[in-house]
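See structure below.
The values are calculated or read from the model by the stated rules, or taken from the named source; none is laboratory data. Source: prediction; values computed, not measured. Here Cβ is always computed from backbone atoms with ideal geometry, including for glycine, and neighbour counts include all displayed protein chains. Note: accessible area is taken over every heavy atom of the protein model, side chains too, but ligands, DNA and RNA are not part of it. Shrake-Rupley method; radii C 1.70, N 1.55, O 1.52, S 1.80 Å.
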Protein chains: 2
Amino acid sequence: MPLLIDAVRDYYDKLGVKLDPNDVLITTGGSEALLLTCLSILDPYTEVIVPEPYYPNYTTFVHAAGGRIRALPTCPEEGYRYAYRKRIESLITKNTRAILITNPGNPTGVVLDESEMRMIADIAKKHDLFLICDEVYREFCYDDKFGVPTMARFHDIDENLVIIDSVSKRFSACGARVGCVVTKNKELQQALLKFCQSRLAVASIDQVGAAALYSVDHEFFRQSKAEYRCRRDTVVSKLRQIPGVLVEEPMGAFYVMASLPVDDADKFQRWLLESFEDNGETVMFAPGAPFYETPGKGVNEVRIAYVLKQDQLERAMDILAEGIRRYQLEVMEQ
Amino acid sequence: MPLLIDAVRDYYDKLGVKLDPNDVLITTGGSEALLLTCLSILDPYTEVIVPEPYYPNYTTFVHAAGGRIRALPTCPEEGYRYAYRKRIESLITKNTRAILITNPGNPTGVVLDESEMRMIADIAKKHDLFLICDEVYREFCYDDKFGVPTMARFHDIDENLVIIDSVSKRFSACGARVGCVVTKNKELQQALLKFCQSRLAVASIDQVGAAALYSVDHEFFRQSKAEYRCRRDTVVSKLRQIPGVLVEEPMGAFYVMASLPVDDADKFQRWLLESFEDNGETVMFAPGAPFYETPGKGVNEVRIAYVLKQDQLERAMDILAEGIRRYQLEVMEQ
């Protein structure tokens with residue numbers, strides 16, 4: 001059985017990225033990888049640019065280090081794409097320390113193409129910022145043109161780049177709480193190592209299990225991706241049949257963000273749970289507003305995680321359609 | 001199999017402490033319990049009073065939250081005892097947020113008696129400070145008068161008290177990385193919960209295993225304590241036979257702090273590893289200075305962890321005695 005750190009290095013080697021042992025710090029999930037990165041690079045009142053909507057726990061990690069999030073706005077009409085140089089550079093101030101992106105994206109499913117990745121890498125380099133790239137959904141890209149994307153192939157930004165990684169999505173092992181930070185920046189490695197040493201180690205048995213997971217062959221990823229692609233297609237086609245829903249086909253991860261024809265997705269969700277049923281069943285999604293830093297945004301948006309089996313997903317989307325219809329009639333019309 | 005949180009509550013119930021489910025937050029070891037507590041209660045430039053010598057990782061957790069440690073000095077001549085009201089109160093300023101103690105103590109093995117615990121509880125209450133009590137060595141008290149000590153029995157300080165706990169010492173399960181914060185302060189519970197939610201969960205399989213560990217009966221602790229008491233007696237009696245060593249019998253945990261007749265314990269340790277051998281063997285301890293906040297203190301002190309088996313411990317102490325003799329002759333005399 002290989003050590004986890006060696007299993008991780010072998011995995012990156014297959015992606016075309018050579019890592020020294022010091023370049024990898026094993027963490028208690030991607031969550032700790034993010035927290036320790038924020039504690040290492042942020043000071044009070046420094047800023048991190050993050051495209052919104054974004055994974056809400058980023059806020060806690062940035063705030064824990066005294067930092068602030070500067071939201072890079074996107075909109076459903078543009079499919080939540082955020083790789084626009086002028087918009088990004090307009091947010092950079094003397095307090096900016098990092099750009100934090102999730103690629104493929106949670107909650108949007110946006111995947112950057114090669115030129116967009118390169119452009120964002122160039123911005124980080126030009127402005128001497130850390131580029132924190134949360135790539136935990138790397139294997140889940142539904143167009144073959146993306147391959148298995150990683151910023152780590154851009155060696156000219158080695159000093160800027162911090163990769164956040166995890167086994168939880170890659171191997172459906174979220175309960176294992178095993179992730180890592182990958183960086184070649186020696187000063188950052190030293191700061192991260194101090195935090196890692198202070199909390200001693202990641203759970204032993206989970207590290208052994210995670211190391212074994214890395215031995216699965218390519219066929220596992222092919223099947224896993226094919227299954228999620230089917231689920232995505234089901235959800236998107238079902239959503240498009242609902243009048244008034246605005247949705248772009250997500251290219252990666254296993255989420256889709258959609259704008260619903262309701263006044264308030266949070267209120268609608270409560271109503272679905274408390275006042276609605278369709279043959280004794282209802283549905284639950286994540287209301288959109290908490291994914292935004294900007295107050296008032298995302299109010300009628302939702303994030304749907306397509307992690308159910310096909311038949312359950314189909315049924316769930318039918319319930320959602322019926323829920324929207326009845327909510328419009330019974331609540332919004334009043 | 002009970003849920004871990006219920007197993008923890010049952011365990012505290014047997015100590016005479018009734019806990020609601022909200023009073024317990026399961027953490028990735030006592031380390032995360034400490035980090036999240038510091039992040040929850042400290043702001044930049046606020047202070048925590050900690051008796052020195054103390055577990056060096058406290059520094060990282062306090063600094064991560066922007067706080068500072070105010071060291072409460074002790075000395076080997078007084079057996080590292082720190083429960084002196086005037087000395088403690090003299091360190092309290094408007095920036096003080098908490099008193100942090102380890103009871104039983106690491107690295108000193110000091111155990112507070114009932115009246116000392118009460119006095120420190122009274123100080124925290126009088127000055128409206130958090131009392132963070134790291135009780136991970138609770139079961140390791142070698143005088144029956146201490147019983148299984150916990151500050152949690154003082155219900156009048158429920159608003160002040162934060163207990164740091166862990167399975168790692170209690171059940172010799174340090175690789176499991178399972179601990180908890182216990183507090184009845186609702187505001188603190190809310191702050192801790194936000195951090196806990198942001199990092200999702202503690203590793204699942206380790207929680208299941210830890211819950212099972214709590215089902216061991218009293219006999220396990222009796223045997224475990226008896227074994228460590230023998231080891232302590234061996235180490236202390238052997239240390240007392242070495243000319244120039246200053247050592248008090250530790251009353252708890254599984255460490256002893258001793259002052260050695262050497263110029264610099266760190267230099268001596270390096271020499272033991274690099275230039276000394278006795279029949280091909282040498283010994284390793286933790287040099288004392290890193291356990292102190294105050295520069296220059298602990299230079300000739302060491303922490304010995306008596307976690308080896310009896311015969312190995314005896315041999316190790318003989319090697320240490322021989323090492324000191326030869327170091328004094330070969331290095332210090334020059």
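Listed values, structure above:
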| item | result |
| --- | --- |
| Positive-pole candidate from B:Pro104, B:Val48, A:Thr150, dipole of the protein assembly as shown, charges at beta carbon | B:Val48 |
| 10 Å Cβ neighbours from other chains, averaged over peptide B:202-210 | 5 |
| For the protein assembly as shown, accessible area per residue (1.4 Å probe, heavy atoms of protein chains only), Å² | 42 Å² |
| For the stretch A:116-136 and the stretch A:1-22, distance of Cα centres in Å | 22 Å |
| Net charge over other residues, Cβ less than 12 angstrom from the Cβ of A:Asp233 (K, R count +1; D, E count -1) | +2 |
| Estimated FRET transfer efficiency (A:Val331, B:Asp13; beta-carbon r; R0 30 Å; 0.05) | 0.05 |
| 29 Å Cα-Cα threshold exceeded, pairs from A:Lys125/A:Lys145; B:Lys14/B:Lys145; B:Lys14/B:Lys94 | B:Lys14/B:Lys94 |
| The stretch B:171-248-the stretch A:151-189 distance, computed between alpha-carbon centres (Å) | 31 Å |
| Shielding by partners - mean other protein chain Cβ count within 10 Å, residues of B:29-37 | 3 |
| Tensor-based shape of the stretch A:1-121 (alpha-carbon gyration tensor, a/c under 1.5 rounded, otherwise prolate or oblate) | oblate |
| DSSP-assigned coil residues among trypsin sites (Lys or Arg not before Pro) in the stretch B:61-94, each with at most 11 further Cβ atoms within 10 Å | B:Lys94 |
| Gyration tensor (alpha-carbon) shape descriptor, chain A, a/c threshold 1.5 | prolate |
| Dipole moment magnitude, nearest 20 debye, chain B about Cα centre, only Lys, Arg, Asp, Glu C-beta charged | 660 debye |
| Kirkwood Rh, angstrom, the stretch A:239-325 [1 / mean 1/r, Cα pairs] | 13.4 Å |
| Projected area averaged over orientations for the stretch B:279-334, convex hull of C-alpha atoms, nm² | 4.9 nm² |
| Nearest-0.05 FRET efficiency for A:Gln190 and A:Asn95, computed from C-beta distance (R0 22 Å) | 0.40 |
| Neighbourhood net charge (12 Å Cβ-Cβ; Lys/Arg +1, Asp/Glu -1) for A:Ala305 | +4 |
| Reference-scaled alpha-carbon Rg (2.2 N^0.38 Å with N residues) for the stretch B:206-258 | 1.58 |
| Accessible area buried at the A-B interface, both sides summed, 1.4 Å probe (Å², nearest 100) | 1700 Å² |
| Cross-link table A:Lys309/B:Lys194; B:Lys169/B:Lys309; A:Lys194/B:Lys184, entries beyond 20 Å C-alpha to C-alpha | A:Lys309/B:Lys194; A:Lys194/B:Lys184 |
| FRET efficiency, A:Gln197 to B:Glu314 (Cβ-Cβ, R0 30 Å, nearest 0.05) | 0.45 |
| Charge sum, other residues only, whose C-beta stays under 15 Å from A:Tyr45's C-beta, Lys/Arg counted +1 and Asp/Glu -1 | +1 |
| Mean separation of Cα contacts under 8 Å (6+ apart) over length of chain B, as relative contact order % | 19 percent |
| Amide N of the stretch B:208-234 lying under 15 Å from the label point, which is placed 7 angstrom from the Cα of B:Val148 along Cα→Cβ | B:211-226 |
| 5 angstrom amide H check on B:Thr96, placed H, neighbours 5+ away | B:Glu47 |
| Estimated vicinal HN-Hα couplings, Hz - the stretch A:199-215 in sequence order (Karplus 6.51, -1.76, 1.60; Gly, Pro = x) | 9, 6, 8, 8, 3, 4, 5, 5, 5, 4, x, 5, 4, 5, 4, 5, 8 |
| Rounded to the nearest 20 debye, dipole of the stretch B:217-313 from Cβ charges on Lys, Arg, Asp, Glu | 260 debye |
| Cα gyration tensor category, rounded, prolate or oblate, for the stretch B:45-198 with a/c compared to 1.5 | rounded |
| Phi-based couplings in Hz for the stretch B:61-73 (Karplus 6.51, -1.76, 1.60; Gly and Pro marked x) | 5, 5, 5, 4, 8, x, x, 10, 9, 9, 7, 9, x |
| Loop sites in the stretch B:141-171: chymotrypsin sites (Phe, Trp or Tyr not before Pro), DSSP, at most 13 other Cβ within 10 Å | none |
| Cut-off under 5 Å, modelled amide H: who pairs with B:Ser166 long-range | B:Cys180 |
| Backbone HN-Hα couplings from phi across the stretch A:304-314 [Karplus 6.51/-1.76/1.60, Hz, Gly and Pro as x] | 10, 8, 8, 10, 8, 6, 2, 5, 5, 5, 4 |
| Carbon + sulfur, % of accessible area of the stretch B:195-234 - ligands and nucleic acids excluded, 1.4 Å | 60 percent |
| Relative contact order (percent, whole number), the stretch B:51-202, Cα cutoff 8 Å, 6+ residue spacing | 16 percent |
| Low-density loop cleavage sites - chymotrypsin sites (Phe, Trp or Tyr not before Pro) in the stretch B:6-46, where at most 12 other Cβ are within 10 Å (DSSP) | B:Tyr45 |
| Cα-based Rg / Dmax (Å) for the stretch A:71-141 | 12.0, 36 |
| Placed amide H near A:Leu72: partners under 5 Å, 5+ positions off or other chain | A:Val50, A:Glu52 |
| Fraction of accessible area attributable to carbon and sulfur, the stretch B:41-107 (%, probe 1.4 Å) | 51 percent |
| Where the Cα pairs of the protein assembly as shown fall when distances are cut into 10 Å bins, in % | 3, 14, 21, 23, 19, 12, 6, 2, 0, 0 |
